[in-house]
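Got a structure for you, questions after.
Bear in mind these aren't lab numbers, they're just calculated from the coordinates by the rules spelled out. Remember, predicted model here, so these are calculated numbers, not experimental data. Backbone-built Cβ (ideal geometry, glycine too); neighbour counts: all protein chains shown.
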Amino acid sequence: MRTEIILFTVILTGILSAVSGVELGNENFRVRIAGPEEMLSLEKEYRPRFDLCGTPCGIRIGGREYLIPPGLSDEFGIMDSPPGFKENGIGTAFLKIGVGILENDRAGKYFFYHPYPVRKRFDTSCVRKERDMIEFRQSGGFRSYAYEYRKTYAVRPEKKQIVIHYSLKNTGTEPILTTQYNHNFFSLKHDSSVSRVQIRTKFLPELKSMTGEGCFTAEGHLCRNLKTTQRGCYLVSTKTIRAEENQFELSDPALPFLIRIRGDFPSSRFAVSFKENEYISPEIFLRIHLLPGEKMQWRRIYEFLPAGDREASGSMSP
């Protein structure tokens with residue numbers, strides 16, 4: 001009997017590992033989760049950045065799509081050097097959590113946008129699939145650095161909600177010091193050529209433009225009038241965000257829903273990248289410090305609320 005159970009588990013794991021993508025939810029709120037195989041083709045010019053433990057690459061409500069590729073994609077380590085990275089160590093290797101072992105073929109500091117060659121891509125498996133839930137797992141290591149990473153997507157169509165649960169364990173002998181964020185590639189494509197998108201935060205940011213003046217206006221908790229300058233549009237706030245204030249909303253009069261995003265962790269960095277009538281990407285960063293043997297868990301929650309129901313839904317409530 002025990003042999004049969006083990007054999008069934010192995011077969012099931014193999015089947016789930018082969019899943020390239022699934023759709024969760026129902027006809028009123030449908031979420032497509034891309035598997036690791038599909039994720040490699042989501043970027044026009046692939047760079048080994050985003051973790052391969054699945055990503056929501058499509059959210060469809062009432063016939064409208066709310067994401068552009070690569071979707072709600074997660075990335076580790078863009079604010080600090082990845083584990084094992086050696087500045088000016090051309091020809092050396094380093095660890096990119098969620099991806100694998102990369103080669104440093106560029107002089108200078110780590111630059112997340114550079115297409116570092118992949119020496120080894122870590123295997124990523126879908127270990128569990130239920131009606132409106134899917135879980136991915138990845139383990140990897142390089143020299144004295146090693147980790148076990150799990151990510152679970154749960155979709156609640158009746159609430160038009162997505163919950164992402166993360167778990168990262170340090171299984172190596174060196175501390176893991178890194179950051180993690182979700183890029184949040186939300187689509188702004190609609191009939192109007194002018195977008196009136198705005199961001200309302202529960203925390204009080206101190207936003208600064210990294211791409212020149214005239215990129216935005218800010219009034220307390222409200223950010224609006226976003227415009228792309230010659231250098232683009234990228235805003236940053238490095239003011240401390242408490243876990244209970246980790247919440248913000250995206251809205252646009254042209255859209256029937258406002259999007260509320262929250263997390264259960266503190267942060268010290270909030271950033272926004274924007275391009276008219278294409279996308280807006282608000283990002284809250286998590287700082288990770290794991291000693292050998294330690295484990296950390298956190299969540300990100302996305303809700304789509306009727307635009308006229310702000311008061312009824314509880315404005316910026318936890």
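What are the ³J(HN,Hα) couplings of segment 109-121, residue after residue, when phi is run through the Karplus curve with 6.51, -1.76, 1.60 and θ = phi - 60°? Round to Hz, x for glycine and proline.
In residue order, the calculated couplings are 6, 4, 10, 4, 7, 7, x, 4, x, 8, 7, 8, 9 Hz.
For the chain, how big is Rg over Rh, using alpha carbon atoms and the Kirkwood form of Rh? Each step should come with its number before you reach the end.
Details: Rg = 20.0 Å, Rh = 20.6 Å.
Rounded to two decimals, Rg/Rh equals 0.97.
Oh, and also: Using amide H atoms built 1.01 Å from N in the peptide plane, name the residues 5+ places from Gly21, or on other chains, whose amide H lies under 5 Å from its own.
Gly35
So what is the relative contact order for segment 161-306, in percent, with contacts set as C-alpha pairs under 8 Å and at least six apart?
With pairs under 8 Å counted, the relative contact order is 37 percent.
Sticking with this structure for a sec: Amide H to amide H under 5 Å from Cys233: which residues, 5+ apart in sequence or cross-chain, H placed 1.01 Å off N in plane?
Phe274
Dipole of the chain (Lys/Arg Cβ +1, Asp/Glu Cβ -1, origin at the Cα centre): which of Gly140, Pro115, His165 lies farthest to the positive side?
So the residue we want is Gly140.
With a point put 7 Å past each Cα toward its Cβ, work out how far Met133 is from Asn26 in nm, to one decimal.
In this crude label model, Met133 to Asn26 measures out at 1.9 nm.
Given an 8 Å cut-off on Cα distances and at least 6 residues of separation, report the relative contact order of segment 41-186 as a percent.
24 percent
I would also like to ask the following. Along the principal axes of its C-alpha atoms, what lengths does segment 250-290 span, in descending order and rounded to whole Å?
That works out to 43, 20, 12 Å along the principal axes.
If the reach is capped at under 25 angstrom between alpha carbons, list the lysines near Lys151, excluding any in the same chain fewer than eight residues apart.
Result set, ordered by chain and number: Lys44, Lys96, Lys120, Lys129, Lys159, Lys160, Lys169, Lys295.
Additional query: Charges on Cβ only, +1 for Lys and Arg, -1 for Asp and Glu, centred on the Cα centroid of the chain; of Ile259, Thr201, Ile97, which one is farthest towards the dipole's positive end?
Ile97
Kindly provide the helix-only [θ] at 222 nm of the chain, computed as the sum of -39,500 (n - 2.57) over DSSP H runs of four or more divided by all residues, to the nearest 500 deg cm²/dmol?
-2000 deg cm²/dmol
Expected output is a single nm value to one decimal: the length gained when fully extending between Ile90 and Leu291, i.e. 0.36 nm times separation in residues minus the C-alpha distance. What is it?
On the way: separation 201, 0.36 × 201 = 72.36 nm, distance 2.80 nm.
Gain in length upon complete extension: 69.6 nm.
With +1 assigned to the C-beta of every Lys and Arg and -1 to the C-beta of every Asp and Glu, and no other charges, what is the dipole magnitude of the chain about the Cα centre in debye, to the nearest 20? Kindly include the intermediate steps, with their values, before the conclusion.
Numbers: 45 positive and 38 negative charges, 61 e Å.
It works out to roughly 300 debye.
Something else now. With contacts defined as alpha carbon pairs under 8 Å and 6 or more residues apart, what's the relative contact order of segment 220-275 in percent? Could the numbers behind the result be given before it?
On the way: 74 pairs, mean separation 25.4, N = 56.
Averaging sequence separation for qualifying contacts and normalising by length gives 45 percent for segment 220-275.
Which FRET efficiency, nearest 0.05, do Ala107 and Glu65 yield, Cβ-Cβ r, R0 35 Å?
It comes out at approximately 0.30.
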